[in-house]
Amino acid sequence: MAGHPRVSRTILGYLLLVSVGPDAHTAELWLFKILNRRRRGTRTTSDSFHYLPVPYVGLALIQGAVSFTDQYLSTWVGERFVLNLRTRLFTHLHQLSTELLRNRPLVMCCPD
């Protein structure tokens with residue numbers, strides 16, 4: 001299963017997604033540094049603040065999308081794991097002979 005191309009693409013995509021979150025946070029801190037320089041009176045190349053909100057909104061949207069995708073993929077992987085485990089367990093239980101279950105008391109088959 002590890003050599004399957006879809007699994008490899010999923011892992012590569014998830015690793016790429018994991019790296020985008022810190023990059024967006026770093027860019028947000030860089031913009032905050034620019035804003036603080038201007039508030040303290042140390043001017044940089046431009047005196048206007050009008051272009052700073054646009055990157056902040058873009059970075060907030062990127063971070064929101066990354067967070068949503070991370071939560072969604074984590075939930076999906078966890079649920080798939082539980083589903084596969086449950087399916088294998090019930091497949092194994094259905095393959096057991098009825099004589100094995102008939103000779104055991106109910107307490108041994110279904111403990112609390």
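The values are calculated or read from the model by the stated rules, or taken from the named source; none is laboratory data. If you're wondering where the values come from, they're calculated on a predicted model, not measured in any experiment. Cβ atoms come from the backbone with ideal geometry, glycine included; neighbour counts cover every protein chain shown.
Summary of values
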read-out	value
Test for Leu52: is it of a type outside the set (Phe, Trp, Tyr), under 27 Å from Gly13 (Cβ atoms) and modelled with pLDDT of 75 or more	no
Where Ala2 falls short, out of the listed (1) of a type in the set (A, V, I, L, M, F, W, C); (2) outside any helix (DSSP H, G or I); (3) modelled with pLDDT of 75 or more	(3)
